[in-house]
Amino acid sequence: MPELPEVETVLRGLRKRALGRRIVAVEVLHAGIIAGDADDFIARLEGRRTAGVQRKGKVLALELGGVAVEPVYLILRLGMTGQVTLQPVEAPLEPHTHVRIVFEGGKEELRFRDVRRFGRLRCSTREEFEALLKSLGPDAQQATEAEFLGAMRGRRGAIKSWLLNQQGVSGLGNIYADEALFEACIHPLAQPERVSAGSARRLYRAVRKVLKHAVNLQGTSFRDYIDIEGRPGNFLQRLKVYQKTGEPCPRCQSPIRRIVIAGRSSHFCPRCQRRPRHTAGTRRSPGRRS
Ligand SMILES: [Zn+2]
């Protein structure tokens, strides 16, 4: 599932290749991908010019300007398997391509492809877009240490769930949450409010370090993720615990374990990430890897 580093990589691609271009045609091949009415979506996009691109957490938006009109925002949620690519108009259409946005000149188009169809495209006003941004915690890469520690204060439940819920900080998903907790030597079931000040600061630094490294390597392609040129990310080989159940910990050689927290897999080293006395509840993990 695309997380902050993958979405940032798509953003950088769009900034480089897709700004200042006028949209001449929009085709929706699967209306279920559009939040709201598909005809209305098309009408609001056609004739607009791409003026900027923004990201907070995993939310990505293209700002679309026009002559003497308020800008609108094309919000792209990649869901589990969403791909945004810039392609020649004549390139063969791959299965599961749901939306085509053709630029002036008729040579290139943005395509949105999504096998699992959990992604969504939405056209929003500035007010709607700002309300969406406000509903998210500070971006995990840009949060200050004070914001990060402040958001942890008083939070019970598992720290892993807190990292995933997008309200404390936004941008982390299962991959980078597991990697950051390993980096900081914190058990995924620890409770944010009970983590020591030293460990909390270590987690803050670990989140930034892991994200920065992953952005530098254009993200992780576990399943479907690719950048706008169709290239996979290069962080997969750098993962230390995510999906490494049974493999030796790179620090201490203990086998990596997997538990299920709120329905999601968590991978950790039982020796480097000691289970604290007080933890959030859990249940035994089934043997299956996921
Ligand atoms: Zn270890």
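Annotation: extensible slack from Arg116 through Leu19 equals 32.1 nm (criterion: 0.36 nm per residue apart, minus Cα-Cα distance).
Summed over all non-identical Cα pairs, the Kirkwood treatment of the chain gives a radius of 20.1 Å. If R0 equals 25 Å, the separation of the Cβ atoms of Asp40 and Val69 corresponds to a calculated FRET efficiency of about 0.95. Projected label points at Glu247 and Met80, each 7 Å from Cα along the beta carbon direction, are separated by 2.2 nanometres.
Using Cβ point charges alone (K and R +1, D and E -1), the dipole size of segment 70-175 about the Cα centre works out to roughly 620 debye. Taken per residue, the accessible surface of segment 1-84 reaches 40 Å², heavy atoms only and a 1.4 Å probe.
Helix 174-183 and the longest principal axis of the C-alpha atoms of the chain enclose an angle of approximately 40°.
In the chain, the longest principal axis of the Cα atoms and the axis of helix 197-216 are about 40 degrees apart.
Measuring nothing but protein heavy atoms, the accessible surface of segment 233-281 at 1.4 Å probe radius is 45 percent carbon and sulfur. Give me the net charge of Val102's neighbourhood, meaning all other residues with Cβ under 13 Å from the Cβ of Val102; Lys, Arg count +1, Asp, Glu -1. Net charge in that neighbourhood comes out at 0. Ignoring aspartates and glutamates fewer than eight residues from Lys16 along the same chain, the ones with Cα atoms less than 18 angstrom from its Cα are Glu6, Glu8, Glu63, Glu104, Glu108, Glu109, Asp227, Glu229.
Listed by chain and number, the lysines placed with their C-alpha closer than 21 angstrom to that of Lys209 are Lys56, Lys58, Lys160, Lys240, Lys244; residues fewer than eight positions away on the same chain are left out.
Using a probe of 1.4 angstrom and keeping all protein chains present, the accessible surface of segment 132-270 works out to 43 square angstrom per residue.
Modelled this way, with points 7 Å down the Cα-to-C-beta line, the labels at Ala262 and Glu130 are 2.9 nm from one another. Annotation for segment 140-226: trypsin sites (Lys or Arg not before Pro) lying in DSSP loop with at most 13 further Cβ atoms inside 10 Å of their Cβ are Arg153, Arg156, Arg223.
Under the convention that each Lys and Arg Cβ holds +1 and each Asp and Glu Cβ holds -1, the size of the dipole of segment 167-222 around its Cα centre is about 260 debye.
The values are calculated or read from the model by the stated rules, or taken from the named source; none is laboratory data. Computed from a prediction, not measured in an experiment: that's the story for all the values here. Note that we place each Cβ from the backbone using ideal geometry, even for glycine, and neighbour counts take in every protein chain shown. Each accessible area value is taken on the protein alone, full model and side chains, heavy atoms only, with ligands, DNA and RNA left out. Shrake-Rupley method; radii C 1.70, N 1.55, O 1.52, S 1.80 Å.
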